[in-house]
Amino acid sequence: MTTDPTARHYDREFVRTFFTTPTAVEGADDSAKMLRSAAGLRGMEAPDVWVPDNEDATAPSMREEGAENVVEVVAEHGADVPAEIHPRVVWHRDSPATRYRGFQQMRTIADPEGGAVEHIDGFVIPEVGGVDDWKKADEFLTIVETEHGLEEGSLSMSVIVESGEAELAMGDLREEMGKPSNNLERLFLLVDGEVDYTKDMRAMTPTGELPEWPELRHNTSRGASAAGLIAVDGPFDDIRDVEGYRDRMTENRAKGMTGIWSLTPGQVVEANTAPLPPEAGYWLLDDGEGETELREDDGRWVYDGDGLGLEAAGDGYVLRADGREQELDGDELQTELLDRAAYVPSMADIVDSMAEFEAAKEAGKGAIAMTRAATIEIDGVAVDVESDRMWDEATYQAAKTPIDLFQDVYEHRPDQHDALADRYGTEVVERATELGT
Amino acid sequence: MTTDPTARHYDREFVRTFFTTPTAVEGADDSAKMLRSAAGLRGMEAPDVWVPDNEDATAPSMREEGAENVVEVVAEHGADVPAEIHPRVVWHRDSPATRYRGFQQMRTIADPEGGAVEHIDGFVIPEVGGVDDWKKADEFLTIVETEHGLEEGSLSMSVIVESGEAELAMGDLREEMGKPSNNLERLFLLVDGEVDYTKDMRAMTPTGELPEWPELRHNTSRGASAAGLIAVDGPFDDIRDVEGYRDRMTENRAKGMTGIWSLTPGQVVEANTAPLPPEAGYWLLDDGEGETELREDDGRWVYDGDGLGLEAAGDGYVLRADGREQELDGDELQTELLDRAAYVPSMADIVDSMAEFEAAKEAGKGAIAMTRAATIEIDGVAVDVESDRMWDEATYQAAKTPIDLFQDVYEHRPDQHDALADRYGTEVVERATELGT
Amino acid sequence: MTTDPTARHYDREFVRTFFTTPTAVEGADDSAKMLRSAAGLRGMEAPDVWVPDNEDATAPSMREEGAENVVEVVAEHGADVPAEIHPRVVWHRDSPATRYRGFQQMRTIADPEGGAVEHIDGFVIPEVGGVDDWKKADEFLTIVETEHGLEEGSLSMSVIVESGEAELAMGDLREEMGKPSNNLERLFLLVDGEVDYTKDMRAMTPTGELPEWPELRHNTSRGASAAGLIAVDGPFDDIRDVEGYRDRMTENRAKGMTGIWSLTPGQVVEANTAPLPPEAGYWLLDDGEGETELREDDGRWVYDGDGLGLEAAGDGYVLRADGREQELDGDELQTELLDRAAYVPSMADIVDSMAEFEAAKEAGKGAIAMTRAATIEIDGVAVDVESDRMWDEATYQAAKTPIDLFQDVYEHRPDQHDALADRYGTEVVERATELGT
């Protein structure tokens, strides 16, 4: 996409979507048909990182043709593709023959005669082992750059973490990346590959479902944080289960892993959208069975579930919760509901809070209280609640992450400007892009 | 057990059971009585790894006699014991005196004059610290091998991970095992020891119950995966709680930890059986309170709980779930139930699916859809559901783990062939042993 | 507090409370007012470690004055402060200017002319990066010691872990602390800082709440265990949520993390008290929705919830649990309740059990059964249950942690003797202080 090679792999600070496409499909009139179709995606359907996949998504017998397809399609359409382009080649820590084939595929794709390399941002290397194995892939990239007259380190390298060795290697990157004997500074994405990881760990579940691997995802996110890289979660196989995909992304973001693999343009839309703050804020209420979203109705936030029950009784209230009834006066009820309630701020709310804090800071204040009020209604009984949260510099910095993400998206994805304006309105978009600058 | 010493610790790829026996019991007519009894176990009651325990299970004053008992009993019965035999000796990272005693115990047990060593596969070293401490134990084993004219590296070494240092050491094994200055290639099992680990971490729970230590178990499994070793969980103290033991093993397998400590022959039976696929498949249904096993009745799968409710209403249905009622048409109901249902395949199911995929692969297909259909009945209302799952090479490889385990058991445990045939039938056993070969 | 500098950072084996105070408040008559007030805390309101906070709690423009306030207040009151005193200075792994200011602040505070340093136990360094960054802070401390004629290594160093790099560094401490090129043996506390860690990891949650970071806390606790240090959790912002603070501490203790940050004297009281065993034991019952505390009434332990139901029926019982009814005879009912029940021992109970085990050990027994009996009442039906637990040396050692903590508190906090006697009675306190000595 970009043409200054040394800057390529630093272009994006966040990657929401990692979208793979088979490079060659057997039996079709045009084996590159899926590549061509993916190259045409724009706006929310287009990923942040597009991965022509010359490994698992493509049959072994088609991979030679696949590498040529990548050259042809990227040479023709690469300049217009809004995504960064990172083809995946074959690789295996335990197989020199596979590594040799991966080397050849990289040579083919990066050959300037094909006209694709100026739009190629880097390569994705699957099935890496310990750090020494990462260095082999790095060295092959250096040799490819030398052979083709590309600047050393100009092609980025992303890896699929799908072995215990690779998980451990992420703890050593920070030390290894500084050494003059390698070009590991080219590293870009750390992508979990849970299917093969499960095989490598020899894990089993009764139904064959993948384990959740929370520790792997933590370690990937930490490895990325410690080495200035970007963490991406693996594929979510059940394409119809949109709710499950969203839940997984919410979990991932709480681990600092903002990106996720997408298998279809539909998943790309979900994954491009999910990390952005909602267009309208809303309240959650913990009713003992989980956090339930309240329904706004004429300025009140109504609870429709049956986990909680409330009725006025004399001067006070009876609250039924967790299978028990409590008699509470008005203040106790407010406290109880406040403990159970939480507000999910909209983009506009975040922008307002940050602007307010910035103004306070300029006026010499180190901390201010942010107040949020609502009327919550349970069984027809309305209760006013009001929460204060202290904001200091650290709160401000932590709250800034969604805005940093938004600004990164806005800068690098002009093709999504319309969708963002539709979602938030022009004024909010404008204020969000100017915050903290 | 085996007599080719260099191959010994590579014999097993999986270890389901790690069964400890006191080496000497005070006050008994025959202090080796428990050893003799354990040496006589066969079939599902006999563990994969038998550990005459000259450490915590045996009183300190009895350990000298214990080492001699091990020699005597193993010399006499070792050739017939179906398990690998790995005595545990004393050791402590912080005590040279304890390490010295452990060295002496190993010398005694491995002395060819006693006639036991040809049946001894290796030693278990408890209370190890950082990698340098592991190297001390390794060196003592090398010296014992030299003194007794055994081949260098022929005795395997397993460790009990029961300190923070040892947990960290598991991240370095891969690097350290290759070095010419040690024989750490002899490593075999990484066994968690949660009681002493809890003490070392100074952890406390209100009731004195052990913490679950999910991160320790992950790190042990990962360390084993990265270094080609086998991960084993620690003892489950509440011997009567069979359900709890099974739940723990299910959790462990989802982490890639297939083996577990067994304290009684009853626990050995449970732990030898649990990792094997069930003899008959069955459906689970998530009713909002967890995954409930459905009851088969005349071809339908019946839900007996009260977490879900279903009734036909006009053209459609009313489903009560998670404390809410939803009106659904037939398609929506099928989708909803499909999301909640999951199938636990039997051994025969797994063999069928793998054979089907192997045939498809031979016919040049890289991926096929596996369909699973059932009639689920809730409150007397029957609903047909059908799930498709795409299988590709990676799915196949990950699904193969239980078959690899089965084949490993079948190869090394002829004494369990009858039990396996009883469980699965001869035909399924035969097909399972031939898969992928 | 103490005057033998080399021993300072080894004084405490446990730290329950880490209490920060702004060093200089703008606009007040006396900018050191909060420091003076904190220096006057005694008894359960006084923390184990007091941290005059010249970083985040104090406005940047006030920090020069803050360092001088620390000198003044500690010189005047330090001798009487029951806590260890560890001022926090500014630091940042990515900013030489910040590190330079931190160096100057340490020089100011440790200058013997100010008269404070003899009461200063060490410094707290925030925002550290990899181990090399820790070494820079260590070296500055060495230079400060040299400049001011203090013994090398006499000032301890505690760090705030609030970056992925620092989390990884905790895995290397054990190796690094032994090297002659540094004085990292001065390390004392590893303190998590979840607000800035969340920012560094770029994690996001819908409501802006902090993620729970269980892996970080495990790794901090493990790092402390492996290097002989003390793990402390970060601040709990919602000061009114006492229940939440207690739950967090219970979780932390199960991870081996005994200490926690306290933001107010009220939180200090909670955090000083929480790790001590309760004054009276009580029973918990798992009713399917969690562990519920039973209410003692005239020798019976009464269940008041509605998750479980019980009635006598003919010769047996009907137990309603998890949305199902089971018919059970008396023995089955006892077994079922025993599985669901757990006892939380009081300090006196722990002392009794340990004394009993010590006596048994002296009599030559390696393991004894500890019995605990109770009458549990559900829906007016009383059931006797009795649980046996085997105690061996390992159980004893693990159970000893709360007593070790108590003895450490008793030795170092004479100002809390009255509160401890009020809580437990003089006789129990006396027996607890003498156990195992």
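The values are calculated or read from the model by the stated rules, or taken from the named source; none is laboratory data. Quantities reported herein were computed from a predicted structural model and do not represent experimental measurements. Reconstructed Cβ throughout: ideal geometry from the backbone, glycine too, with neighbour counts over all protein chains shown. Surface accessibility is based on the protein's heavy atoms, side chains included, excluding ligands, DNA and RNA. Shrake-Rupley method; radii C 1.70, N 1.55, O 1.52, S 1.80 Å.
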Being within 22 Å of C:Pro265 (Cβ to Cβ) and not acidic (Asp, Glu) is the filter here, so list the residues in the range C:63-79 that pass it. C:Gly66, C:Asn69, C:Val70, C:Val73, C:Val74, C:His77, C:Gly78, C:Ala79
Flag for A:Ala342 being under 30 Å from A:Pro402 (Cβ atoms) and part of a helix (DSSP H, G or I): no
Considering only the range A:285-294, state which residues are assigned to a loop (DSSP other than H, G, I, E, B) and at pLDDT below 95. A:Asp287, A:Gly288, A:Glu289, A:Gly290
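Yes/no matrix, rows are residues, columns are (1) in contact (Cβ under 8 Å) with a residue 60 or more places away in the chain; (2) farther than 19 Å from C:Lys199 by Cβ; (3) β-branched (Val, Ile, Thr):
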position	(1), (2), (3)
C:Lys135	no, yes, no
C:Asp138	no, yes, no
C:Val144	no, yes, yes
C:Ser163	yes, no, no
C:Gly171	no, yes, no
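Assess whether B:Thr220 counts as being polar (S, T, N, Q), in contact with a strand residue (DSSP E or B) (Cβ under 6 Å, 6 or more places away or on another chain) and within 16 Å of A:Leu168 (Cα to Cα).
So B:Thr220 fits the description; yes.
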The residue that is farthest from the chain's Cα centre (by Cα), considering only those in the range A:202-254 that are in a loop (DSSP other than H, G, I, E, B) and charged (D, E, K, R), is A:Arg202
Among the residues of the range C:371-382, are any touching a strand residue (DSSP E or B) at 6+ places or on another chain (Cβ under 9 Å), among the charged types (D, E, K, R) and away from chain B (no Cβ under 13 Å)? yes
Quick check on my filter: what residues within the range A:345-357 are within 19 Å of C:Pro206 (Cα to Cα) and either more than 10 Å from every other protein chain (Cβ to nearest Cβ) or touching a Gly at 6+ places or on another chain (Cβ under 6 Å) (or both)? A:Pro345, A:Ser346, A:Met347, A:Ala348, A:Asp349, A:Val351, A:Asp352, A:Met354
Tell me, yes or no, whether the range A:411-428 has at least one residue that is crowded, with 17+ Cβ neighbours inside 10 Å, within 14 Å of another protein chain (Cβ to nearest Cβ) and farther than 30 Å from A:Arg300 by Cβ. no
Mind checking which residues of the range B:304-348 are of a type in the set (A, V, I, L, M, F, W, C) and closer than 20 Å to B:Trp283 by Cα? B:Leu308, B:Leu310, B:Leu319, B:Ala321, B:Leu333, B:Leu337, B:Leu338, B:Ala341, B:Ala342, B:Val344, B:Met347, B:Ala348
Lone unmet requirement of (1) more than 26 Å from the chain's Cα centre (by Cα); (2) open to solvent by less than 20 Å² (accessible area, probe 1.4 Å) for C:Arg88: (1)
Across the range A:31-90, what is the total count of residues that are farther than 14 Å from A:Leu263 by Cα, more than 14 Å from chain B (Cβ to nearest Cβ) and of a type in the set (A, V, I, L, M, F, W, C)? 14
Quick one: is C:Gly78 in a helix (DSSP H, G or I), in contact (Cβ under 8 Å) with a residue 24 or more places away in the chain and within 24 Å of the chain's Cα centre (by Cα)? yes
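This table checks each residue for (1) open to solvent by 10 Å² or more (accessible area, probe 1.4 Å); (2) over 23 Å from B:Asp94 (Cα atoms); (3) at pLDDT 95 or above.
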| residue | (1), (2), (3) |
| --- | --- |
| B:Val159 | no, no, yes |
| B:Glu167 | no, no, yes |
| B:Tyr197 | no, no, yes |
| B:Leu210 | yes, yes, no |
| B:Arg217 | no, yes, yes |
| B:Ser221 | no, yes, yes |
| B:Glu243 | yes, yes, no |
If I filter the range B:213-220 for residues that are more than 9 Å from every other protein chain (Cβ to nearest Cβ) and of a type outside the set (A, V, I, L, M, F, W, C), do I get at least one hit? yes
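Yes/no matrix, rows are residues, columns are (1) surrounded by 14 or more Cβ atoms within 10 Å (Cβ to Cβ); (2) within 11 Å of chain B (Cβ to nearest Cβ); (3) among the polar types (S, T, N, Q); (4) assigned to a strand (DSSP E or B):
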{"site": "C:Asn272", "(1), (2), (3), (4)": "yes, no, yes, no"}
{"site": "C:Trp283", "(1), (2), (3), (4)": "yes, yes, no, yes"}
{"site": "C:Glu296", "(1), (2), (3), (4)": "yes, no, no, yes"}
{"site": "C:Arg320", "(1), (2), (3), (4)": "yes, yes, no, yes"}
{"site": "C:Leu337", "(1), (2), (3), (4)": "yes, no, no, no"}
Confirm whether C:Ala360 is more than 13 Å from chain B (Cβ to nearest Cβ), open to solvent by less than 50 Å² (accessible area, probe 1.4 Å) and under 23 Å from C:Phe406 (Cβ atoms). no
Quick test for you: out of C:Thr375, C:Thr371, pick the one residue that is part of a strand (DSSP E or B) and modelled with pLDDT of 95 or more. C:Thr375
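I'd like the residue in the range A:392-410 that is among the aliphatic types (A, V, I, L, M) and facing chain C (nearest Cβ under 7 Å) and, out of all such residues, is farthest from the chain's Cα centre (by Cα).
A:Ala394
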Among residues of the range B:184-195, those that are open to solvent by 10 Å² or more (accessible area, probe 1.4 Å) and either within 7 Å of chain C (Cβ to nearest Cβ) or under 19 Å from the mean Cα position of the chain (by Cα) (or both), counted: 1
Among (1) open to solvent by 20 Å² or more (accessible area, probe 1.4 Å); (2) at pLDDT below 95; (3) in contact with an Asp or Glu (Cβ under 8 Å, 6 or more places away or on another chain) - the single one C:His9 does not satisfy: (1)
Restricting to the range C:26-56, give me the number of residues that are surrounded by fewer than 21 Cβ atoms within 10 Å (Cβ to Cβ) and assigned to a loop (DSSP other than H, G, I, E, B). 9
C:Tyr396 being aromatic (Phe, Trp, Tyr), open to solvent by less than 30 Å² (accessible area, probe 1.4 Å) and at pLDDT 85 or above: yes
With the requirement that a residue be more than 11 Å from chain A (Cβ to nearest Cβ), closer than 18 Å to B:Leu276 by Cβ and touching a residue at least 40 places away in the same chain (Cβ under 8 Å), what does the range B:221-255 give you? B:Val232, B:Asp233
Hey, does the range B:164-181 have a residue that's at the interface with another protein chain (Cβ under 7 Å from one of its Cβ atoms), more than 19 Å from B:Val124 (Cβ to Cβ) and of a type in the set (Ser, Thr, Tyr)? no
